[in-house]
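Bear in mind that the values in this text are calculations on the coordinates, not laboratory data. The model shown is predicted, which means the values in this text are computed figures rather than measured ones. Cβ sites come from the backbone with ideal geometry, for glycine too, and all protein chains shown count toward neighbours.
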Amino acid sequence: MKTYSQKSSEISREWWLVDASTMPLGKLAVVIADKLMGKSKVTFTPHIDNGDYVVVINAKDLKVTGAKATDKKYYRHSGFPGGLTELSLQEVIEKDPSLAIREAVKGMLPKNKLAADRLARLRIFAGTEHAHTAQNPKEIK
């Protein structure tokens, strides 16, 4: 028996649609990262980027459990002394709901050369309307 290794010419990508209001942020990030990496495919090969496209809708209706809305913090630094900025998850969702989902998915992806290309296939929309109806994305329940 030989180990199967997928070639770049054999990659076929599908489009998936996920509703962010149906599951908590952590579970949503796991499902999205799984589809972006292609781990649910039988042809999964770790060194080949054979993942699918994922369209996320209703990002503004993101759900979290417990007190994460106020306790979870996002930090960024300007590079100058005293330039640390801190935002809570609730503030991030009000300002840009796609940032919270993108950061959660980025944390779930392996840190390697393929991560940027995988994250580029993630499309996030705040409302129910999205620009990828022509691709006929399959809905993930």
Just to be sure I understand, how many residues within region 31-71 are surrounded by 14 or more Cβ atoms within 10 Å (Cβ to Cβ) and in a helix (DSSP H, G or I)?
12
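Each row is one residue, and each column tells you yes or no for (1) among the polar types (S, T, N, Q); (2) crowded, with 18+ Cβ neighbours inside 10 Å; (3) within 14 Å of the chain's Cα centre (by Cα); (4) farther than 20 Å from R13 by Cα.
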site: A115; (1), (2), (3), (4): no, no, yes, no
site: A120; (1), (2), (3), (4): no, no, yes, no
site: T128; (1), (2), (3), (4): yes, no, no, yes
site: P137; (1), (2), (3), (4): no, yes, no, no
Taking the criterion of being in contact with a Gly (Cβ under 8 Å, 6 or more places away or on another chain), under 21 Å from D117 (Cα atoms) and not in a loop (DSSP other than H, G, I, E, B), would at least one residue in region 16-30 satisfy it?
yes
Has region 92-111 got at least one residue that is over 25 Å from H130 (Cβ atoms), of a type in the set (A, V, I, L, M) and part of a loop (DSSP other than H, G, I, E, B)?
no
Give the residues of region 50-72 that are out of contact with any Pro (no Cβ under 9 Å at 6 or more places or on another chain) and closer than 24 Å to K39 by Cβ, sorted by residue number.
N50, G51, D52, V56, I57
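Please state which one of I101, I124, I93 is β-branched (V, I, T), farther than 18 Å from W16 by Cβ, under 16 Å from the mean Cα position of the chain (by Cα) and surrounded by 18 or more Cβ atoms within 10 Å (Cβ to Cβ).
On the way: I101 fails: farther than 18 Å from W16 by Cβ; I124 fails: farther than 18 Å from W16 by Cβ.
Sole residue among the options that is β-branched (V, I, T), farther than 18 Å from W16 by Cβ, under 16 Å from the mean Cα position of the chain (by Cα) and surrounded by 18 or more Cβ atoms within 10 Å (Cβ to Cβ): I93.
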